[in-house]
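Remarks on the structure that follows.
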Amino acid sequence: MDLKNIPHTLPRFSATFDPHTLAEIRRAAATGIYDIRGGGTKRKLPHFDDLLFLGASVSRYPLEGYREKCATDVWLGTRFAKKPIHLKIPVTIAGMSFGALSGQAKEALGRGASLAGTSTTTGDGGMTSEERGQSQTLVYQYLPSRYGMNPDDLRKADAIEVVIGQGAKPGGGGMLLGQKISDRVAQMRNLPMGIDQRSACRHPDWTGPDDLEIKIEELREITDWEKPIYVKVGATRPYYDVALAVKSGADVVVLDGMQGGTAATQDVFIEHVGIPILAAIRPAVQALQDLGMHRKVQLIVSGGIRNGADVAKALALGADAVAIGTAALVALGDNDPALEAEYQALGSTAGAYDDWQEGRDPAGITTQDPVLAARLDPVAAGRRLANYLAVLTLEAQTIARACGKSHLHNLEPEDLVALTMEAAAMARVPLAGTDWVPGNPQGF
Amino acid sequence: MPVVNLAETAKRELNAQLHALSVDTNETHWRVENPQGQHALAAGLNVPVTVEIAGHAGYYCAGMNSQATVVIEGNAGVGVAENMMSGKVHVKGDASQSAGATAHGGLLVIDGDASARCGISMKGIDIVVKGSIGPMSAFMAQSGTLVVLGDAGDALGDSIYEARLFVRGEVKSLGADCVEKEMRAEHRDLLHKLLEAAGADAGVDEFRRYGSARGLYNFHVDNASAY
């Protein structure tokens, strides 16, 4: 036999030990430390793409696309707050910190949100004057670390969000690495420059739902019962977490799925803890309905909202509003292909850059470097965000009208079907073309 | 002197009246009777008045206090003077967990004991405890000073940043990255002033000082076992 002519087996990569996995093993072996990065999960998950709207036909009739009204406004905080929030659109900007983001980026988020008639949210590290100044409606996060937390800012806020967790890392705290601790960040957080700032995973002065109720009462007393109090949880056990938030006196529950981003967390945490937002909405809504509180305590969902279809699907499943973070940063200019050469220089590529913790963002968004941060024009970036928010709203309205709805909140699960069994089970809507909803709707 | 009897007046009414005061109010001395352990009493004050609470207070008494002096004549529940910015809070009895948590400024004096997590994440407050404090006190304490005339429980100052700790009695154990430090003249001065401000009868030389070894300020894998 002529050995030269024997066909060779093609080199084959293992599905288990794929190139990314192999690279991560080598990186871990070389450094002895886990990988830290920004953003949300990058794995493929059951998501809103697995749902479709049915649209009107003979049995239901649609609304005229450009003539008949499809309202988009939302009230938040109607349960207890003397001054509930009224937003023009049900798409809010999620909490992101000054420190993780540049001052310019925070200002741009405020400008864009205000132009679109919606709210923006502070983050760990407190409220900056630029942000307050440019945000018509500003939600003040009350976090375990309480960095930058002070009662004057609390009183300046339009709502208060008690953060228990976030989708990227439910049960985890955070770490703002030293390279992002500028003078101003250090001063706002009462810590020396250049050290790694740990953000606690638990609040320092309460534990559990009974204490939370008392904490919320304190926040209400301090602000004279004026401001809506939100409770934000990462999606893990949404039925129970939402029920306990309601029991604790929340006006609004914010539910963040594992696609929700973070400034900096271990990759293993981002990819392996928490559940996708698609799986979390129905149990959360069920909890509200079981307590007779659906639409009385509002539900904001987040994690992987990208377009108006996602907005419409989230609302159809029972949410009152959605929040966007990653998409808002992309609208500002994050991961722009125009900066490809600079992303390459950082060992990444436009669209995949996630080393936000290093503070070297060429787009000037996830950085405290004054030279890089100055690249972002807050006015122009704010305009881009406002445009994007307008498109999300128009797209959601287009779908809602096609389903015959005169308000986005009139969308309902009955307007949806699922493309996969997984999505059908999670969203509790029938598999397309069938009347089959997998699972037992009572079995939480 | 305004007297508010919480057996007859709702707490909401009390706090609303206190929040409505202007900085130049003539009603600078208030007395609250029958507090009955209610939560969030005199929370969120923002003017230089004195409020005496004639009994026990629940959670978060004088929470987020600015400028005011709040005197609790009994015991205080969880989180007394939490996130205080300035002013003074004086607990004549014992305090529960997380006394002075995350507070940025002002002076908290506790005549009795304080439970676990006293001064947790403190960010500039001065705390003087005339009795003893529980475990995990001054956890992640960032700045400010904690003075304890009695003993300290387990894991004092765990993951501490730049806060200064002075303990007269026994420290059951120190937390990660917290070490005993040399007592220099500047520390004696600071301690002396705080003892005087708190009306505490103790000599500065009876205390030992503890603070951060600063070994965990930047994460390094060789320190992973410390966490």
- Please specify each residue of region B:128-161 satisfying the condition of being among the β-branched types (V, I, T), within 14 Å of another protein chain (Cβ to nearest Cβ) and under 13 Å from the mean Cα position of the chain (by Cα). B:T145
- Inside region A:220-245, the number of residues satisfying the requirement of being among the hydrophobic types (A, V, I, L, M, F, W, C) and surrounded by fewer than 23 Cβ atoms within 10 Å (Cβ to Cβ) is 3
- So which residues in region B:55-76 are facing chain A (nearest Cβ under 9 Å) and surrounded by 24 or more Cβ atoms within 10 Å (Cβ to Cβ)? B:Y59, B:Y60, B:G63, B:M64, B:N65
- Task: Give the residues of region A:384-425 that are under 15 Å from A:R282 (Cα atoms) and either assigned to a strand (DSSP E or B) or touching a Pro at 6+ places or on another chain (Cβ under 6 Å) (or both), sorted by residue number.
- Result: A:L416, A:V417, A:A418, A:E422, A:A423, A:A424, A:A425
- Message: Taking the condition of being more than 13 Å from A:D124 (Cβ to Cβ) and within 11 Å of another protein chain (Cβ to nearest Cβ), how many residues in region A:154-189 meet it?
- Response: 6
- Query: Do we have any residue at all in region A:256-266 that's surrounded by fewer than 24 Cβ atoms within 10 Å (Cβ to Cβ) and modelled with pLDDT of 95 or more?
  - Reply: no
- Note on the structure: The number of residues in region B:181-220 that are closer than 19 Å to B:D111 by Cβ, assigned to a loop (DSSP other than H, G, I, E, B) and of a type outside the set (A, V, I, L, M) is 4
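On the given criteria, is B:I160 within 20 Å of A:M149 (Cβ to Cβ) and in a strand (DSSP E or B)?
When the stated conditions are applied, B:I160 does not pass them.
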- Task: Take B:G119 and decide whether it is at pLDDT 95 or above, within 11 Å of chain A (Cβ to nearest Cβ) and outside any loop (DSSP other than H, G, I, E, B).
- Result: no
- Query: Take the residues of region B:21-37 that are surrounded by fewer than 21 Cβ atoms within 10 Å (Cβ to Cβ), over 14 Å from B:S66 (Cα atoms) and touching a residue at least 24 places away in the same chain (Cβ under 8 Å): which is nearest to the chain's Cα centre (by Cα)?
  - Reply: B:G37
- Quick one: in region A:1-55, which of the residues that are closer than 30 Å to A:L176 by Cα and polar (S, T, N, Q) is farthest from the other protein chains (Cβ to nearest Cβ)? A:T41
- Query: Which of (1) under 21 Å from A:G126 (Cβ atoms); (2) outside any loop (DSSP other than H, G, I, E, B) is the odd one out, the single condition A:V301 does not satisfy?
  - Reply: (1)
- Consider A:A345 against the criteria (1) touching a strand residue (DSSP E or B) at 6+ places or on another chain (Cβ under 6 Å); (2) more than 17 Å from A:T92 (Cβ to Cβ): it satisfies all of them except one. Which criterion is unmet? (1)
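The values are calculated or read from the model by the stated rules, or taken from the named source; none is laboratory data. Everything numeric here is computed off the predicted structure, so don't read it as measured data. Positions of Cβ are generated from backbone atoms using ideal geometry, with glycine treated the same way; all protein chains shown enter the neighbour counts.
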